[in-house]
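Engineer: Got a structure here, written out as structure tokens. Questions coming.
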Amino acid sequence: MGYTIYGKQLAWDGGECGLYKSRDPIARMEYAIMDMNLLVTAINGMPLQKAIEAVTQLRNQATEQAKWQRTPQNAGFPILIQIPISDICITDVRGNIQNTEKFCNDVLNALGGK
């Protein structure tokens, strides 16, 4: 499997990519799978410098999250329990987060970024 990034072929093994995200500052962070086709379409639709900045930011976020030792908790109000409880343990998705970092590095190489 592969993708075309700014006219350059990028091989990808199809490994799942994803990150933890939050809808707002007080909501619990939840793991979300990336739609790689939408990501590539968005990257190709941006001016080159904006694409490099966006992918760098995404990569940096993945790099940081891959270092986490614990599943993120509700940072806003830790005494509140949000229902339904659907936490995905960091150990279950760490490899997917690392896939995100690798994919971003591959894209940055294709774009000539760092």
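Engineer: Report yes if GLU16 is surrounded by fewer than 17 Cβ atoms within 10 Å (Cβ to Cβ) and in contact (Cβ under 8 Å) with a residue 60 or more places away in the chain, otherwise no.
Structural biologist: So GLU16 fits the description; yes.
Engineer: Here's another thing I want to ask about it. Taking ARG23 and the conditions (1) in a loop (DSSP other than H, G, I, E, B); (2) in contact with a Gly (Cβ under 9 Å, 6 or more places away or on another chain); (3) surrounded by fewer than 18 Cβ atoms within 10 Å (Cβ to Cβ), which numbered condition does it fall short on, given that it satisfies the others?
Structural biologist: Among (1) in a loop (DSSP other than H, G, I, E, B); (2) in contact with a Gly (Cβ under 9 Å, 6 or more places away or on another chain); (3) surrounded by fewer than 18 Cβ atoms within 10 Å (Cβ to Cβ), ARG23 violates only (2).
Engineer: Still on this model: Report, by residue number, each residue of the range 9-45 that is at pLDDT below 85 and more than 25 Å from LEU111 (Cβ to Cβ).
Structural biologist: SER22, ARG23, ASP24, PRO25, ILE26, ALA27, ARG28, MET29
Engineer: Can you pull out the residues in the range 26-42 that are under 23 Å from GLY95 (Cα atoms), surrounded by 13 or more Cβ atoms within 10 Å (Cβ to Cβ) and out of contact with any Gly (no Cβ under 8 Å at 6 or more places or on another chain)?
Structural biologist: ARG28, MET29, GLU30, MET36, LEU39, VAL40
Engineer: Checking PRO72 against (1) at pLDDT 85 or above; (2) surrounded by 12 or more Cβ atoms within 10 Å (Cβ to Cβ), which test does it fail?
Structural biologist: Just one mismatch for PRO72, condition (1).
The values are calculated or read from the model by the stated rules, or taken from the named source; none is laboratory data. Fair warning: this is a prediction, and the values are worked out from it, not measured in the lab. Here the Cβ is made from the backbone with ideal geometry for all residues, glycine too, and neighbour counts use every protein chain on show.
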